[in-house]
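> Before I ask anything, let me first share the structure, which is written out below as structure tokens.
Just so it is clear, none of the values below were taken in a lab; they were calculated from the coordinates. Quick caveat: nothing in here was measured; it's all calculated off a predicted structure. Every residue, glycine among them, receives a Cβ derived from its backbone with ideal geometry; neighbour counts consider all protein chains shown.
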Amino acid sequence: MTRDAGSLLAVSDLHVAYPDNRAVVAGLRPRSDADWLIVAGDVAEKADDVEWALALLADRFAKVVWVPGNHELWTHPNDPVDLRGERRYLNLVDRLRGLGVVTPEDPYPVWHGNGEPVTVAPLFLLYDYSFRIAGTATAEESLRRAHDAGIVCTDEYFLHPDPYPSREAWCHARVEETERRLAALPADRRTVLVNHFPLTRDPTRVLRHPEFAQWCGTDRTDDWHTRFNAAAVVYGHLHIPRVMHRDGVPFVEVSLGYPRERQNRPPRDPLRRILPPPAEGAAP
């Protein structure tokens, strides 16, 4: 392992309940002893599995930054930890803080590997059904169309918003609080914005089932990459690893995904380099 300024690496959607994925995670290693690792959600459904994976990674990387995905927030019937909603999320925060992992509830860390300070901002924002199906006027109508098509996210059964009255209300509270925190950063500070769900609707336009987009984010964050001076935006959730650009900002989807999804894809390193940015034409 080399000693250098290190890289800011990222991965998401580890889904370690699958033995093949658990083996992949067990094999993840830094490229430098200074490397940081972003884990952008959906580590697992069970709290103990989340803790296992993050403990392993925190022991190997100089710093690990985590945001929750929807799967961590499920109250799964097979999980001995039966907490719901915000209490479940805060229980995970406490567990991971004990491992030295940075969570969305902690001060945003500053990465200096590029020679200039970059604030790595882990965000927990959820979704509010505003990525509606085309031609629908309300979230209710869009959800009804999705149910009629048989495309219903499992969140509707396992992701509880307690104590908020709805997932939309929880999302809006998170957006408002996070917006205040980001606005307080120095105006000239570059950021890497990390969220499990995409911050703009654009990445969802290639979904095989467009009905699923309404469980993928909120229109309220559509301009955050420019408002908050992003050097990059990191997300997962879609299981479509790729890089898109908007307003010159790379949006990097970093999911490992399910074993069956990787069968027809060329093999690649699960860890995506975010900073320093890969040379043009090079693999991230």
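> Quick one: which residues, 5 or more positions from Arg190 or on another chain, have an amide H under 5 Å from its amide H? H modelled 1.01 Å from N in the peptide plane, none for Pro or chain starts.
Thr119
> Stokes-Einstein diffusion coefficient for the range 1-87 at 25 °C in a medium of 0.890 mPa s, Rh from the Kirkwood formula over Cα pairs: what value in µm²/s?
Estimated via Stokes-Einstein, D reaches 181 µm²/s.
> Okay, next question. Starting from the Cα of Asp223, step 7 Å along the direction of its Cβ; do the same at Asp48; then give the gap between the two resulting points in nm.
Label at Asp223, label at Asp48, 4.9 nm between them.
> Extending each Cα 7 Å along its Cβ direction at Ala134 and Glu177, get the distance between those two points in nm, one decimal.
3.7 nm
> Indicate the gyration tensor shape class of the range 183-243 (rounded, prolate or oblate), computed on the Cα atoms with a ≥ b ≥ c the square roots of the eigenvalues: a/c under 1.5 is rounded; otherwise a/b larger than b/c is prolate and the rest oblate.
Note, shape of the range 183-243 comes out prolate.
> Within the range 139-284, what percent of beta bridges assigned by DSSP are antiparallel, to the nearest 5? Working shown, then result.
Values: 5 of 12 bridges.
Antiparallel: roughly 40 percent of the beta bridges in the range 139-284.
> I've got another one for you. How many percent of DSSP beta bridges within the range 1-156 run antiparallel, rounded to 5? Can you show the working numbers first?
Working: 2 of 12 bridges.
Once the DSSP bridges in the range 1-156 are tallied, antiparallel ones form about 15 percent.
> Okay, moving on. Label the range 74-208 by shape, choosing from rounded, prolate and oblate, from the square roots a ≥ b ≥ c of the eigenvalues of the Cα gyration tensor; if a/c is under 1.5 it is rounded, and otherwise prolate applies when a/b is larger than b/c, oblate when it is not. Don't skip to the answer; put the middle values down first.
Working: a/c = 2.22, a/b = 1.37, b/c = 1.62.
Verdict is oblate for the range 74-208.
> Name the most mobile residue of Glu168, Glu141, Glu45, meaning the one with the largest mean-square fluctuation, in a Gaussian network model of the chain with Cα contacts below 10 Å.
The residue that fluctuates most here is Glu141.
> If you restrict to DSSP beta bridges whose two residues both lie in the range 8-275, what percentage is antiparallel, to the nearest 5?
35 percent
> Taking N as the number of residues in the range 8-275, what is its Cα Rg relative to 2.2 N^0.38 Å?
Dividing the Cα radius of gyration by 2.2 N^0.38 Å gives 0.95.
> For the range 80-94, just list the computed ³J(HN,Hα) in residue order, Karplus coefficients 6.51, -1.76 and 1.60, θ = phi - 60°, integers in Hz, with x standing in for Gly and Pro.
Whole-Hz 3J(HN,Hα) from phi for the range 80-94: x, 7, 9, 5, 10, x, 4, 4, 5, 4, 5, 5, 5, 4, 4.
> Would you kindly state how much longer the chain becomes between His112 and Glu141 on full extension, computed as 0.36 nm times their sequence separation minus their alpha carbon distance, in nm to one decimal?
On the way: separation 29, 0.36 × 29 = 10.44 nm, distance 4.69 nm.
5.7 nm is the gain from fully extending His112 to Glu141.
> Hull surface divided by four, with the convex hull built on the Cα atoms of the range 147-284: how many nm²? Let's see the in-between values first.
On the way: hull surface 40.9 nm².
Averaged projected hull area, Cα only: 10.2 nm².
> Moving to a separate point now. Label points 7 Å out from Cα along the Cβ direction at Ala17 and Glu261: separation in nm?
Each label point is offset 7 Å from its Cα along the Cβ direction, giving 1.5 nm.
> Next question. Can you give the FRET efficiency to the nearest 0.05 for Val81 and Val152, using r as the Cβ-Cβ distance and R₀ = 30 Å?
Numbers: r = 25 Å, r/R0 = 0.82.
Here the calculated transfer efficiency is 0.75.
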